[in-house]
1. Any idea how many residues of segment 35-76 are surrounded by 17 or more Cβ atoms within 10 Å (Cβ to Cβ), within 11 Å of ligand 2 (Cβ to nearest atom) and farther than 15 Å from M148 by Cα?
2. If we only count helices (runs of 4 or more DSSP H) wholly inside segment 144-247, which ones have 3 or more residues that are closer than 22 Å to Q129 by Cβ and in contact with a helix residue (DSSP H, G or I) (Cβ under 7 Å, 6 or more places away or on another chain)?
3. Quick check: anything in segment 120-127 polar (S, T, N, Q) and not assigned by TED's automatic domain parsing to the domain that holds S82?
4. Give all pairs with beta carbons closer than 7 Å in which a residue from segment 110-138 that is touching a residue at least 40 places away in the same chain (Cβ under 8 Å) and under 24 Å from E150 (Cβ atoms) meets a residue that is among the polar types (S, T, N, Q) and in a helix (DSSP H, G or I); count only pairs at least 6 apart in sequence or on separate chains.
5. Do you know which residues across segment 114-140 are surrounded by 15 or more Cβ atoms within 10 Å (Cβ to Cβ) and either more than 18 Å from D74 (Cα to Cα) or charged (D, E, K, R) (or both)?
6. Could you look through segment 2-26, keep only residues that are of a type in the set (S, T, Y) and surrounded by 15 or more Cβ atoms within 10 Å (Cβ to Cβ), and pick out the one that is nearest to Y196 (Cα to Cα)?
7. For segment 18-28, state whether one or more residues are at pLDDT 95 or above, within 9 Å of ligand 1 (Cβ to nearest atom) and in contact with a strand residue (DSSP E or B) (Cβ under 7 Å, 6 or more places away or on another chain).
8. Can you find even one residue in segment 150-159 that is at pLDDT below 95, under 21 Å from V30 (Cβ atoms) and of a type in the set (V, I, T)?
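The values are calculated or read from the model by the stated rules, or taken from the named source; none is laboratory data. Keep in mind it's a predicted model, so treat the numbers as computed, not measured. Cβ coordinates were reconstructed from backbone atoms using ideal geometry, including for glycine residues, and neighbour counts include every protein chain displayed.
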Amino acid sequence: MLRARDVTLSYGGEPVLEGAGVELDAGQFVSLVGPSGSGKSSLLRAVMGLQDISAGTIETPGLARDEIGILFQDDALLPWRSAVDNVALGLRQRGASRAQAREEAEGWLERLKLAGLGGRYPRELSGGQRKRVALAQVLALRPRLLLMDEPFASLDAIVRARVTQDVVNLVESEGIGVLLVTHDLEEAIALSDKIYLLSNGPRARVSHEYPVPLPRPRALIAARTHPKFAPLYGRLWNDLSEAVEGPQPAREAA
Ligand SMILES: Nc1ncnc2c1ncn2[C@@H]1O[C@H](COP(=O)(O)OP(=O)(O)O)[C@@H](O)[C@H]1O
Ligand SMILES: [Mg+2]
């Protein structure tokens, strides 16, 4: 569903990525982690077609442009439109009648546990609720591939756990492929089928790839206590630390 190979990308001659690649099959949840500034967001924007690459290929076989959805850290809700109108907007732009768009939007708000809040304006909603509206807005357009750039970073731990669990349930039931950029290793493991680690920039590439051996359907809290969670966390932590600080000298025996 997504094949990015040997991607090289720079800003005004300043190299960011060199030879980076990621692959994602239909219905897979894939996370991209890496040091800050390594080029995670840049790679995601390139996949979205918002950023030129200077070498390599990015293919989304079998996917139409409008089957790719994207969710950024800062939601893009229009402050002068109610929640339901924000969700309905994209549906209207795709040709749905006013009544039909509204009905579908209400349905998505309900699925995201916002029933009864459709009439509120974004400023009248909590951070978690706004994130849910933004998700409803994206999911209402029925993406088959969803790109997310640290979308949950601004939420507190409990709200974040609830929203991410709902996202997992929805993408599992809808069979949506997801590419998530996050700097949270626990979140990456709990959510993903596969994790890519970008090396430190400039000229970052994918230095490691980890399959996540946890069962689906996934209950995120249970995933964190699964016996395979901690060993993978340890490997990721070490590899990320090395990416940031370079190889660590072996400790001398006492
Ligand atoms: N629009 C831009 N113009 C110039 N440099 C940029 C731009 N966007 C990002 N960069 C630089 O590219 C590098 C990678 O940025 P980014 O993709 O945002 O990294 P990450 O998401 O991994 O933190 C950083 O050094 C950043 O300063
Ligand atoms: Mg980023």
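1. The number of residues fulfilling the criteria is 2.
2. On the way: elements: 157-174, 185-191, 220-224, 229-245.
Because the criterion is at least 3 residues that are closer than 22 Å to Q129 by Cβ and in contact with a helix residue (DSSP H, G or I) (Cβ under 7 Å, 6 or more places away or on another chain), the helices (runs of 4 or more DSSP H) in segment 144-247 that meet it are 157-174.
3. Taking segment 120-127 as the starting set, the residues that turn out to be polar (S, T, N, Q) are 126.
Those still in the list that are not assigned by TED's automatic domain parsing to the domain that holds S82 too: none.
Scanning segment 120-127 turns up no residue that is polar (S, T, N, Q) and not assigned by TED's automatic domain parsing to the domain that holds S82.
4. V133/N86; Q137/N86
5. L114, L117, G118, R120, R130, K131, R132, A140
6. Here is the first cut: in segment 2-26, the residues of a type in the set (S, T, Y) are 8, 10-11.
Pick out the ones that are also surrounded by 15 or more Cβ atoms within 10 Å (Cβ to Cβ) and you get 8, 10.
Numbers: T8: 17, S10: 20 Å.
The qualifying residue nearest to Y196 (Cα to Cα) is T8.
7. Scanning segment 18-28, I find no residue that is at pLDDT 95 or above, within 9 Å of ligand 1 (Cβ to nearest atom) and in contact with a strand residue (DSSP E or B) (Cβ under 7 Å, 6 or more places away or on another chain), so the answer is no.
8. Within segment 150-159 (the criterion being at pLDDT below 95, under 21 Å from V30 (Cβ atoms) and of a type in the set (V, I, T)), the answer is no, since none of the residues qualifies.
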